[in-house]
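To keep things clear, I will list the structure first and then write my remarks on it.
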Amino acid sequence: MLKQNLSLKALVLLCMLACSLIACSDSSSDEGEDGQDPIVSTDVSLFTYLSSETKYSVLVEAIEQVGFQNALNADGAGSYTFFAPTNDAFNAYLKENNISSVKNIPTNTLTQIIYNHMLSGKEKFANEIAEGYNKTQAKQFPSQANIDLFVSKANDAFTINDGVLVTKANIDVNNGIIHEVNKVIKRATLATFLKVDPAFGQLYDASKQFNEEIYEKINDITAEITLFIPNEKAFGEIPSLPFAEMDQTLRYHIIDGKVVTSSKIQNNATVATWQGTNITTNTGSSVTIKDAKGETATVVAKDFVAWNGVAHVIDKVLLYK
């Protein structure tokens with residue numbers, strides 16, 4: 001009975017995750033309030049500004065190593081939103097990972113680290129950056145989908161992912177906006193998003209108690225996962241199930257070994273799930289998924305991307321039998 005209650009709790013919390021993803025995606029046009037005036041430096045470019053401040057010297061070294069200095073130094077070119085780690089932040093990252101210098105970070109890895117500090121789209125002041133999920137210029141491999149950052153502005157603190165704090169916002173240069181941060185923004189997994197999003201932080205804890213294998217999967221930076229997450233209404237319509245069936249039902253919502261973004265979902269395609277039973281995907285005016293019982297779920301929110309996978313929200317629980 002205890003295991004069944006845990007499994008039910010995990011499913012309920014999973015539906016909270018789905019609702020949160022939808023809410024965060026719908027809030028992308030909302031503007032927050034950071035209460036800070038911009039620091040105007042319109043006569044210099046982003047890279048020139050960073051180079052002129054000794055506290056960013058390690059970051060400047062990293063930018064030069066990946067060859068971004070010319071692009072970030074072009075006066076009036078580009079439209080960058082750049083989160084800039086200080087020397088203390090970068091040195092702490094190097095120490096944590098037992099790396100003596102940024103020169104010892106593989107160039108491909110360092111390139112993605114830098115891209116992970118740059119938002120996609122036009123330059124944004126702090127109050128223009130939405131709470132919730134924001135696309136960066138970093139790419140998930142092998143899907144090549146843009147990675148998300150999770151932004152929180154609770155209690156007047158602008159934080160990113162797992163506790164990265166914006167310590168100096170709105171440095172306005174002539175080709176973008178710089179926001180200083182106190183840590184390097186590390187690669188976020190799906191588990192990172194579960195942990196930091198207050199709407200479903202409990203699910204992160206429950207996943208460890210409920211099924212260690214599922215927890216390890218969502219926390220593995222090298223994994224390649226696609227999650228289909230039923231929304232609140234869908235969970236309200238399912239009956240109670242034994243523990244073993246709950247476990248299998250959760251696995252039936254996971255594609256292991258493939259990161260399938262919405263643009264890669266194929267019409268009338270048979271796809272194997274982690275549980276072992278197939279689903280069938282269809283495209284058209286909307287993306288739908290047919291389960292083993294022949295019932296259809298519709299994707300209602302899509303493409304929430306971490307380094308180890310992507311999540312889509314659906315309007316029905318998929319049944320494997």
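State which residue is nearest to PHE83 (Cα to Cα) when the search covers only the stretch 205-228 and only residues that are of a type in the set (Ser, Thr, Tyr) and modelled with pLDDT of 65 or more.
Taking the candidates together, the pick is THR222.
Yes/no matrix, rows are residues, columns are (1) modelled with pLDDT of 95 or more; (2) under 21 Å from the mean Cα position of the chain (by Cα); (3) among the hydrophobic types (A, V, I, L, M, F, W, C):
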position: THR249; (1), (2), (3): no, no, no
position: ILE254; (1), (2), (3): no, yes, yes
position: ASN278; (1), (2), (3): yes, no, no
position: GLY284; (1), (2), (3): no, no, no
position: VAL287; (1), (2), (3): yes, no, yes
position: VAL310; (1), (2), (3): no, yes, yes
position: ILE314; (1), (2), (3): no, yes, yes
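Do any residues in the stretch 309-321 that are without any contact (Cβ under 8 Å) to a residue 12 or more places away in the chain and under 11 Å from PHE228 (Cα atoms) have Cβ atoms under 6 Å from those of residues that are open to solvent by less than 10 Å² (accessible area, probe 1.4 Å) and part of a loop (DSSP other than H, G, I, E, B), where the two are at least six apart or on different chains, and which pairs are they?
none
So which of ALA301, ALA297 is under 16 Å from THR226 (Cα atoms) and touching a helix residue (DSSP H, G or I) at 6+ places or on another chain (Cβ under 7 Å)?
ALA301
The values are calculated or read from the model by the stated rules, or taken from the named source; none is laboratory data. This one's a predicted model, so the numbers in the text were calculated from it and none came from an experiment. Please note: Cβ atoms are built from the backbone with ideal geometry, for glycine as well, and neighbour counts cover all protein chains shown. Remember, those area values only see protein heavy atoms, side chains included, never the ligands or the DNA or RNA. Shrake-Rupley method; radii C 1.70, N 1.55, O 1.52, S 1.80 Å.
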